[in-house]
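The block underneath contains the structure these notes are about, expressed in structure tokens.
What follows draws every value from the coordinates through simple rules; no lab data is involved. Quick caveat: nothing in here was measured; it's all calculated off a predicted structure. Reconstructed Cβ throughout: ideal geometry from the backbone, glycine too, with neighbour counts over all protein chains shown.
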Amino acid sequence: MTQLSDEELYDLAKPAPREPGVPQMVMRRLIDGENPLKVYREWRGLTQQAMATQAGVTPGYISQVERGSRRLSAKARAQFAELLGILPDDLDEA
């Protein structure tokens, strides 16, 4: 069994680096009640068309979700969250 050096033990004990947080303007829009899918999509610089293409859905589906006339399925929620680099729960509407 090999013994770890103090430096190796220190490196193992360090917390993993964190990704930068969500900008304040994004949080403000969410707090103000804007649709989370729209807010995160725009933050990532995606059009409805680009997001639809990447997710394999129609732009109309995204538009309906953003307007509130349609709800995300669990599958779409997970897929969009991965595409946007967020957690699926971040797409829950208040």
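Residue pairs whose Cβ atoms lie under 6 Å apart, separated by 6 or more positions or on different chains, with the first residue in the range 72-94 and under 16 Å from V26 (Cα atoms) and the second assigned to a helix (DSSP H, G or I) and basic (K, R), are L91/R77. With respect to (1) exposed (fewer than 14 other Cβ atoms within 10 Å of the Cβ); (2) out of contact with any Pro (no Cβ under 9 Å at 6 or more places or on another chain), the lone exception for T47 is condition (2).
Restricted to the range 50-89, and to residues there that are surrounded by 14 or more Cβ atoms within 10 Å (Cβ to Cβ) and under 21 Å from P23 (Cα atoms), the residue that is nearest to the chain's Cα centre (by Cα) is I86.
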